[in-house]
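The values are calculated or read from the model by the stated rules, or taken from the named source; none is laboratory data. Just so it is clear, the structure is predicted and the values come from calculations on it, not from any experiment. Note: ideal-geometry Cβ built from the backbone for every residue, glycine included; neighbour counts use all protein chains shown. Ligands, DNA and RNA are excluded from the accessible area calculation, which covers all protein heavy atoms including side chains. Shrake-Rupley method; radii C 1.70, N 1.55, O 1.52, S 1.80 Å.
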Amino acid sequence: MCFGPIDVQYDYAAIKRDLTKEKIAMRKPNLWRYLELLPISDKKNIVDLQPGFTPLKKAGNLARELGLRAIYLKDDTVNPSYSFKDRPAAVAVSKACEFGLSAVGCASTGNLAGATAAHAAKAALPCYIFIPKGLEESKVLSSEVYGAQLVEVDGTYDDANRVANLMANKYKWGLVNINLRPYYTEGSKTLAYEIAEQLGWSLPDRIIIPMGSGALLCSIHKGLGELNLLGWAKGKVKLCGSQPIGCAPISNAYATGGDIIPVETPASLVRSLAIGDPASGAEALKYIRETGGFADAPDDKEVIEGQKLLARTEGIFAEPAGGVAIATLKRRAASGEIGRDETVVVLITGNGLKTPEVLYGQFKKKVRAKASLEDVEKKLKLQD
Ligand SMILES: *Cc1c(COP(=O)(O)O)cnc(C)c1O
């Protein structure tokens with residue numbers, strides 16, 4: 001089933017004439033401030049959980065530790081369902097309402113599940129979610145809570161995606177990452193707009209992006225292209241992708257200079273990025289090469305270290321995908337590929353509280369003490 005164009009088109013000349021930076025600045029701080037650049041025809045169809053316009057935080061402590069100067073974190077852990085996936089889900093579920101569909105859903109590695117379920121709840125639509133086996137328990141719970149019907153498919157994400165597709169065709173459901181995919185990818189563009197706006201309508205030298213299917217990286221590329229086209233923020237940005245080494249089909253292809261070879265059995269604790277056969281992989285690879293970026297693949301240990309480093313230096317608890325991006329920042333700063341004076345934005349795409357289990361046992365044990373000053377001092381070894 002196909003609901004619309006493969007790629008959404010806009011009348012940029014009209015947008016440039018009618019929409020100004022000043023107008024945008026006066027609107028509410030969420031992604032609907034860029035409505036003219038989103039594929040929703042009628043405002044009344046918007047399913048509004050107010051996602052987006054998340055903080056862009058200058059990361060002084062982290063930069064200092066890595067020997068860099070201008071690191072910014074785009075903190076999408078604070079979206080309504082705690083990941084950047086609220087952006088694509090907001091646009092796709094709103095579009096499903098515009099089409100008058102009777103049910104929505106998705107295939108998901110975890111975060112899209114929560115985002116779609118939350119938006120379906122707000123839209124009062126039934127929601128069917130297909131997930132692979134072995135997702136983190138708290139992530140599954142954070143979709144179920146919104147009243148969605150989950151289907152755990154006996155297999156990988158690619159298997160879940162395949163069966164979701166069959167169900168969508170038969171029952172005419174709008175699945176946000178399948179038959180609503182052109183609208184889904186539009187939602188993530190808003191990250192590029194926000195980064196530019198929050199940097200005073202300028203662009204960074206580089207953006208580090210965790211990759212699963214590669215869709216997020218492609219959306220950032222589209223958003224940056226539109227900013228240039230509209231004349232709102234000019235410049236070339238190196239797009240740098242990162243995948244966990246246990247499931248890195250895009251990064252492997254970058255390293256070999258060849259085509260993408262799907263990974264049959266993903267083996268990584270970074271479940272949100274465990275997509276063996278990435279739907280937007282070839283396109284993402286093309287943009288990485290064209291912009292002069294790179295693709296990287298840290299291992300699980302580096303990912304955990306990345307999560308801990310981010311939390312310890314900047315007070316942000318990210319899920320493993322955030323650890324992937326930070327691990328890459330660290331590796332490529334150490335190798336000198338990221339220059340000391342570059343302005344780098346790192347996308348922190350999901351919240352660590354959804355996947356606490358990956359960090360169990362990682363920290364020094366708490367001390368146990370009686371409720372007395374003396375005992376606490378003793379246990380903390382604070383007496384002279
Ligand atoms: C989905 C997701 C990504 C990016 O995935 P793409 O499929 O490449 O768009 C990054 N981080 C997190 C936490 C995600 O859930």
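Tell me whether the stretch 1-149 comes out rounded, prolate or oblate; compute the Cα gyration tensor, take square roots of the eigenvalues as a ≥ b ≥ c, and use a/c under 1.5 as the rounded threshold. Oblate is the answer for the stretch 1-149, as a/c is 1.5 or above yet b/c matches or exceeds a/b. Reported to the nearest whole Å, the Cα centre-to-centre distance from the stretch 1-63 to the stretch 101-174 is 25. Of Phe363, Phe99, Phe294, the residue with the largest accessible area leads and the full order is Phe363, Phe99, Phe294 (1.4 Å probe).
The slack in the chain from Met26 to Gln149, taken as 0.36 nm per residue of separation less the alpha-carbon distance, amounts to 40.4 nm.
Estimated at the nearest 10 Å², the accessible area of Val344 is 0 Å² with a 1.4 Å probe. Within the chain, what whole-number % of the accessible surface is contributed by carbon and sulfur, with the 1.4 Å probe and all protein chains included in the calculation? Taking all protein chains in place, the chain shows 53 percent carbon and sulfur surface. Once each part is reduced to its C-alpha centroid, what is the distance from the stretch 181-218 to the stretch 219-243 in angstrom? Cα centres, the stretch 181-218 to the stretch 219-243: 7 Å.
Residues considered: Tyr287, Tyr157, Tyr82. Largest GNM mean-square fluctuation over the chain, using C-alpha springs under 10 Å, is found at Tyr287. Cα-based radius of gyration for the stretch 269-313, normalised by 2.2 N^0.38 Å, reads 1.45. Between Lys28, Lys139, Lys236, the GNM of the chain built on Cα springs shorter than 10 angstrom shows Lys28 fluctuating the most.
Binning the alpha carbon pair distances of the stretch 37-119 at 5 angstrom intervals from zero yields the distribution 3, 15, 20, 17, 15, 10, 8, 6, 4, 2, 0, expressed in whole percent.
When the alpha carbon gyration tensor of the stretch 203-341 is reduced to an equivalent ellipsoid, its three semi-axes come out at 23, 20, 13 angstrom, largest first. Computed over the chain, the convex hull of the alpha-carbon atoms projects to a mean area of 21.2 nm². Each residue was assigned an accessible area with a 1.4 Å probe, and for Ser41 the value is about 100 Å². For the chain, modelled as a GNM whose springs connect Cα atoms under 10 angstrom apart, the maximal fluctuation among Ala255, Ala113, Ala284 occurs at Ala255. Applying D = kT/(6 pi eta Rh) to the stretch 182-251, where Rh is the Kirkwood radius over alpha-carbon pairs, T corresponds to 10 °C and eta to 1.306 mPa s, the Stokes-Einstein value obtained is 127 µm²/s. Remark: the stretch 5-55 is approximated by an ellipsoid whose semi-axes, taken from the C-alpha gyration tensor as √(5λ), come to 19, 16, 10 Å, largest first. With coordinates expressed along the principal axes, the C-alpha atoms belonging to the stretch 313-354 extend over 33, 16, 15 Å, beginning with the largest. The charge dipole of the chain, taken about the Cα centre with unit charges on the Cβ atoms of Lys, Arg (+1) and Asp, Glu (-1), comes to about 860 debye, rounded to the nearest 20.
The distance between label points at Arg368 and Leu166 comes to 5.2 nm (points 7 Å beyond Cα on the Cα→Cβ vector).
Sketch the reach of a paramagnetic label on Phe99 as a point 7 Å from Cα along Cα-to-Cβ, and name the residues of the stretch 113-140 whose backbone nitrogen lies under 13 Å away. Residues passing the 13 Å test: none.
Convex hull over the alpha-carbon atoms of the stretch 335-380: what's its volume per residue in Å³? Spell out each step's value before the answer.
Numbers: hull volume 9.9 nm³, N = 46.
Per-residue hull volume (Cα only) is 216 Å³.
Heavy-atom accessible surface of the stretch 191-301, averaged per residue, reaches 36 Å², computed with a 1.4 Å probe. Each 10 Å bin from zero up to the one holding the largest Cα-Cα distance in the stretch 107-239 carries the following percent of pairs: 12, 36, 28, 19, 5.
Sorting His119, His221 by solvent-accessible area of protein heavy atoms yields His221, His119, largest first, with a 1.4 Å probe. Estimated from helical segments only, the mean residue ellipticity of the chain at 222 nm is -12500 deg cm²/dmol, where each DSSP H run of four or more residues counts as -39500 (n - 2.57).
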